[in-house]
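All remarks here apply to the structure that follows.
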Amino acid sequence: MGSLSKIESFSPIIDANSHILILGSIPSVQSLQEGKYYGNPRNQFWKIIYEVLGQPFQEDYGKKVQFIKEHGIAIWDVIESCHREGSLDSNIKEERPNDFNTFLKSYPRIKYVLFNGTKAHDTFRRKVGFSFEDKIFHKLPSSSPAHTMKIGNKIEEWKVLLKYTQG
């Protein structure tokens with residue numbers, strides 16, 4: 001058994017026009033090394049987002065960030081810091097949530113909060129709670145390669161994003 005490393009999440013990708021917030025749990029080891037959200041090429045997040053929004057996939061991270069901002073989408077993580085061996089959510093220990101009270105007050109246009117997987121959803125439920133007024137919460141299947149649902153099925157479930165980008 002390896003040692004548990006203390007890890008911290010990235011700053012959010014957000015701007016004043018963001019009205020959708022997609023929350024993961026905390027970045028994987030590879031994402032942390034790359035300094036990029038969903039930096040593991042096996043993670044299907046970016047492929048799902050581009051497919052759902054009907055645009056050709058871009059490899060360039062800067063273009064990915066610009067793309068989601070153009071669609072009013074922000075990205076962050078539920079967990080601000082934790083201890084974890086490897087990248088699996090099941091190995092997360094001593095998680096501390098980000099400060100969503102302050103965050104959501106700072107970005108009042110955020111109306112839709114989508115969870116990228118069960119760990120993000122359940123940690124938010126336990127550590128933060130769903131008592132925010134005027135917010136709609138929705139749990140989606142994880143884009144992680146560890147979540148073995150076929151990508152086509154993930155894309156179908158993630159299409160709820162279209163309802164939120166248009167409304």
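As a length-normalised measure over Cα pairs under 8 Å and 6 or more apart, the relative contact order of the chain settles at 31 percent.
In this simple spin-label model, placing a label point 7 Å from the Cα along the Cα-to-Cβ direction at both Arg109 and Ser90 gives a separation of 4.0 nm. Per-residue SASA remark: Leu4, around 80 Å² accessible (1.4 Å probe; ligands, DNA and RNA not included).
Seen from Ser81, the other residues with C-beta closer than 13 Å to its C-beta sum to a net charge of -1, counting Lys and Arg as +1 and Asp and Glu as -1.
Extending 7 Å from Cα along the Cβ direction at Phe137 and again at Met149 yields two label points whose distance is 1.8 nm. Projected label points at Ser5 and Tyr61, each 7 Å from Cα along the beta carbon direction, are separated by 1.5 nanometres. Shape annotation for the range 1-159: C-alpha extents along the principal axes are 43, 34, 27 Å, from largest to smallest. Here Lys135 is the anchor, and the lysines within straight C-alpha reach of less than 22 Å, apart from those fewer than 8 places off in the same chain, are Lys69, Lys105, Lys111, Lys119, Lys127, Lys159, Lys163. Proximity of backbone amide H atoms, modeled 1.01 Å from N, is registered between Phe137 and Val113 at under 5 Å, excluding neighbours fewer than 5 places apart on the same chain. Which of the three applies to the range 10-55, rounded, prolate or oblate, going by the alpha-carbon gyration tensor with a ≥ b ≥ c and a/c under 1.5 meaning rounded? It is oblate, given that a/c is not under 1.5 and a/b is not larger than b/c. For the chain, a crude dipole built from +1 on the beta carbon of Lys and Arg and -1 on the beta carbon of Asp and Glu, taken about the Cα centre, is about 260 debye to the nearest 20. Pairwise alpha-carbon distances in the range 70-167 exceed 15 Å for 66% of all pairs. On the basis of the beta-carbon distance and an R0 of 22 Å, Asn101 and Ser81 show a calculated FRET efficiency of 0.80.
Residues whose amide H falls under 5 Å from that of Ser25, counting only those 5 or more places apart or on a different chain, are Val78, Ala120, with hydrogens built in the peptide plane.
The values are calculated or read from the model by the stated rules, or taken from the named source; none is laboratory data. Please read all numbers here as calculations on a predicted model, not as lab measurements. All Cβ positions, even for glycine, are placed from backbone atoms using ideal geometry, and neighbour counts span all protein chains on display. Remember, those area values only see protein heavy atoms, side chains included, never the ligands or the DNA or RNA. Shrake-Rupley method; radii C 1.70, N 1.55, O 1.52, S 1.80 Å.
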